[in-house]
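Asker: The structure that follows is given in the form of structure tokens.
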Amino acid sequence: MRKTVLTLAACATLCAPALAQSPVIVYGIADAGIGRIRTLSAKDPRAGQNPFVYPDVEGGNGRTQFTSHSLMNNVNSRFGLRGAEDLGAGLRAGFVLETGLDLDDGAADRVPAFLQRQAALWLGSAWGTLKLGRQFTPSLLAQAAYEITSGANYSPLNNSFEAAGLGKRASSAFVYTSPDMGDFQVAAAFISKNDAGAKKNIWDLGLKYTRAPLTAGVGINKGADGGSTNYHMGGKYSLGSVAIAASYNSASTEGVPELRRRGWSLGASVSMGAITLAADLVRDTKNQWHGKKMTNAVVEARYAFSKHTFAYGAALRLDGQNNWGLGICYSF
């Protein structure tokens with residue numbers, strides 16, 4: 001991702017003192033296309049608890065239409081600012097502010113919080129990094145180590161188990177991430193029950209292992225509603241242009257902790273020059289969310305025009321609904 005350093009002249013009066021000490025980097029992604037998306041079945045316990053079909057993405061009526069910020073886009077469009085400063089003695093400080101965008105009408109994320117994607121500051125040293133605010137969960141980042149579609153919106157793995165039940169992001173979170181310890185890295189998150197409005201504190205642990213050709217991740221957490229511990233574990237083996245990934249997952253659904261979903265995934269990808277083909281299959285071994293076991297799957301094709309722009313197409317079978325999408329994604 002190309003990094004552009006700007007002085008932000010429009011807000012020079014307010015920002016000049018900070019910018020004199022540290023550059024601010026502007027970054028983002030634009031993603032839009034065409035596709036068909038179906039909403040959840042009314043039997044799904046999550047249907048009606050969230051205005052979106054799945055976390056962070058919009059639903060649809062099953063008709064072919066313009067897509068942006070949707071289940072069948074590769075990613076959600078976004079705009080962000082980040083910066084860092086050297087404080088001396090090996091200590092650094094930084095921040096990240098990121099909002100989502102809908103290219104359908106230019107609206108920000110259709111949720112109350114403007115910076116709902118990320119809004120956090122951090123302190124880091126040779127001992128690791130402490131990050132405070134709204135941010136990605138350790139379970140999600142551990143899953144990203146092996147997820148075969150690189151975290152696409154249409155990933156059947158993430159949509160089936162919601163990053164081991166806790167979801168992609170957490171608010172009011174304290175997250176410590178260790179430095180690289182050989183091939184391992186550990187992250188731990190804590191959210192107090194007072195911040196979460198819950199009866200119990202929330203915690204989340206993520207472990208990543210990276211040594212070519214193997215990458216692996218483990219996530220363990222317990223949500224605000226209590227219940228059994230959620231977890232996922234998986235790995236990806238890459239050999240040249242071919243990669244194979246597998247995982248096992250167990251998650252409870254938000255608001256209904258006694259309902260549990262378990263299952264495995266198996267995926268593969270192959271790169272041929274500018275073209276990458278991928279497929280991922282998810283099968284339930286237990287599904288109390290729907291009352292019956294589901295088989296979810298995606299097939300995806302990408303064509304890279306450059307380092308920053310690629311076209312994609314995907315077909316997704318998710319919890320009894322068929323979806324498809326074609327689009328273009330540009331990052332800066």
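Asker: Using a 1.4 angstrom probe on heavy atoms only, work out the carbon and sulfur share of the accessible area of region 240-332 in %.
Answerer: Working: 2730 of 4300 Å².
Its accessible area is 63 percent carbon and sulfur atoms.
Asker: Give the accessible surface of region 226-332 per residue, rounded to a whole number of Å², with probe radius 1.4 Å and ligands, DNA and RNA excluded. Please report the intermediate quantities before stating the final value.
Answerer: Details: 4990 Å² over 107 residues.
Roughly 47 Å² per residue, with all protein chains present.
Asker: For F310, enumerate residues with amide H under 5 Å from its amide H, sequence gap 5+ or separate chain, H modeled in the peptide plane.
Answerer: Those lying under 5 Å, H to H, from F310 are F305, C329.
Asker: With every protein chain left in place, what is the accessible area of V218 in Å² (1.4 Å probe, nearest 10)?
Answerer: Accessible surface of V218 is approximately 50 Å².
Asker: Let me ask something else. Per-residue accessible area for T285 at 1.4 Å probe radius, Å² rounded to 10?
Answerer: 60 Å²
Asker: In addition: Give me log10 I(q)/I(0) at q = 0.12, 0.15 Å⁻¹ for region 238-332, Debye formula, one equal scatterer per alpha-carbon, no solvent.
Answerer: For region 238-332 at q = 0.12, 0.15 Å⁻¹, log10 I(q)/I(0) is -0.51, -0.74.
Asker: Sticking with this one: So with the 1.4 Å probe, I'd like the accessible area per residue for region 185-224, rounded to whole Å². It would help to have the intermediate numbers written out before the result.
Answerer: Numbers: 2210 Å² over 40 residues.
Accessible area per residue: 55 Å².
Asker: Right, next: Once phi is turned into θ = phi - 60°, what whole-Hz ³J(HN,Hα) does the Karplus curve with 6.51, -1.76 and 1.60 give for every residue of region 299-310, x standing for Gly and Pro?
Answerer: 10, 9, 10, 10, 10, 8, 6, 7, 5, 10, 10, 9
Asker: Could you compute how much accessible surface D105 exposes when probed at 1.4 Å, giving the result in Å² to the nearest 10?
Answerer: That residue has around 100 Å² of solvent-accessible surface.
Asker: Could you pull the Rg and Dmax for region 187-236, using just the Cα atoms, both in Å?
Answerer: For region 187-236, the Cα-based Rg and Dmax read 13.6, 43 Å.
The values are calculated or read from the model by the stated rules, or taken from the named source; none is laboratory data. Keep in mind that what you see is a predicted model, and the values were worked out from it rather than measured. Please note that ligands, DNA and RNA were not included when accessible areas were found on the heavy atoms of the full protein model with its side chains. Shrake-Rupley method; radii C 1.70, N 1.55, O 1.52, S 1.80 Å.
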